[in-house]
1. With respect to the numbered conditions (1) closer than 27 Å to VAL127 by Cβ; (2) modelled with pLDDT of 95 or more, which one is the sole condition not fulfilled by TYR262?
2. Starting from the range 90-109, take each residue that is closer than 21 Å to THR145 by Cβ and list its partners that are modelled with pLDDT under 95, counting only C-beta distances under 6 angstrom and pairs at least six apart or across chains.
3. What residue, among those in the range 89-107 that are buried (at least 24 other Cβ atoms within 10 Å of the Cβ) and among the aliphatic types (A, V, I, L, M), is farthest from ILE32 (Cα to Cα)?
4. Scan the range 275-289 residue by residue and report those that are surrounded by 15 or more Cβ atoms within 10 Å (Cβ to Cβ) and either basic (Lys, Arg) or part of a helix (DSSP H, G or I) (or both).
5. List every residue pair whose Cβ atoms lie under 8 Å apart, where the two residues are 6 or more positions apart in sequence or sit on different chains, the first residue falls within the range 300-326 and is over 14 Å from TRP151 (Cβ atoms) and free of Cβ contacts under 8 Å to residues at least 60 places away in the same chain, and the second residue, located anywhere, is open to solvent by 70 Å² or more (accessible area, probe 1.4 Å) and outside any loop (DSSP other than H, G, I, E, B).
6. Which of the following residues is in a loop (DSSP other than H, G, I, E, B) and surrounded by 13 or more Cβ atoms within 10 Å (Cβ to Cβ): GLY267, GLY263?
7. Can you tell me which condition LEU346 does not meet? The list is (1) assigned to a loop (DSSP other than H, G, I, E, B); (2) within 15 Å of the chain's Cα centre (by Cα); (3) aliphatic (A, V, I, L, M), and all the others hold.
8. How many of the residues in the range 287-322 are closer than 14 Å to GLN135 by Cα and either of a type in the set (S, T, N, Q) or in contact with a Gly (Cβ under 6 Å, 6 or more places away or on another chain) (or both)?
Amino acid sequence: MPDYASHADTVSSGNAAQRGGHADKILGMKAIVISRLGGPEVLEIRDVPPPVAGAGEELIQVQAGGLNFADVMTMRGGYPGAPKPPLVAGREFCGLRESDGRRVMGYAQWAAFAEHIAARSELLWPVPEGWSAEQGAAFPVNYFTAYFAYWKAGLIDGKQSTGTTPRVLIHAVAGGVGTAAVQIGKLLGVEMYGTSSSAEKLARVKELGLQHGINYKERDYEEAIKALTHGEGVDAVFEMLGGEHTSKSVRCLRDFGRVIVYGTATGEKSEFDMRLLYAKGTSVHGLWLTYLAANRELMNQAWKQLSAWAAQGGVRPVIGQVLPIEHAAEGYQLLSDGKNFGKVVLKIG
């Protein structure tokens, strides 16, 4: 077994070192550890040293963790900035703040899938009234990402300068970010088109407010968009596939439209020719929550709106599976295979 004392930054919050103090109250804790790079078989439940809160951090007793495709990429070795294994997995959680016992949900770069985490204070938010720990754990990554996708697309006010109803194509619409984007789009009055791999998933997302579902296994989505919009295209595409899909998404745009790229689920580099942008004055924008999370003003702006929507019942995490920590590999496999609907959540504590 690796010497976890030599991996203190990795095993705790990524910022705090093992310095004694409050950690003396916690003799040890269980955590999901990425033992080496690879598939779900590299995940192990281990006893690891507890975290200690550093400057600007708070200790959280974790109850649940939200699983994201970024966690799958970290396991495989494809996520920028992640430490080398062994490291405690997870970037999203919900639990009890140890200083006052209040329920909070939070965002981190790793170390969330453990019984305790030392988390940055500015990336902790109160759990909306009536939400479970699982719902809290399913919120931060998906809803901040979806909010910023609309923000980057210039659609957060729900209208365009032309006065027309904006159109958005959402890839992987039945996933965590996809279902969040549908809920937000409904609130903004957006006409939404979404791609997924099955009619069953699309039917379930339509119950959330999606108007146009496209089963990409049965129909080319580029051709479907042309037909559904009578050749005009959409104002924005939320793109997280990579490979050929960046170019295909650009071709789905109408005049001055924007592709918002926030991932590469296919594992393939985007194929993109700048000349595609010229004819309609379109553009491609990158979105990386890891970077935006460091901008406190932007995050506060997003949280102000998201929390208001949550209080009104307009946004509420869609959870497909809740699995015990011992079945974490099953959850990772569901995301790897694209078989999840909404969020996969892990019960931690």
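The values are calculated or read from the model by the stated rules, or taken from the named source; none is laboratory data. Note that this is a predicted model, so its numbers are computed, not measured. Every residue, glycine as well, gets a Cβ built from its backbone with ideal geometry; the counts of neighbours run over all protein chains shown. Note: areas computed on protein heavy atoms with side chains; ligands, DNA, RNA excluded. Shrake-Rupley method; radii C 1.70, N 1.55, O 1.52, S 1.80 Å.
1. Every condition holds for TYR262 apart from (2).
2. ARG91/GLN109; GLN109/GLY14
3. Among those that are buried (at least 24 other Cβ atoms within 10 Å of the Cβ) and among the aliphatic types (A, V, I, L, M), it is MET105.
4. Within the range 275-289, LEU276, LEU277, LYS280, LEU289 meet the criteria.
5. Hits for this filter: LEU323/GLU330; LEU323/LYS347; PRO324/LYS347.
6. GLY263
7. With respect to (1) assigned to a loop (DSSP other than H, G, I, E, B); (2) within 15 Å of the chain's Cα centre (by Cα); (3) aliphatic (A, V, I, L, M), LEU346 is out only on (1).
8. 5
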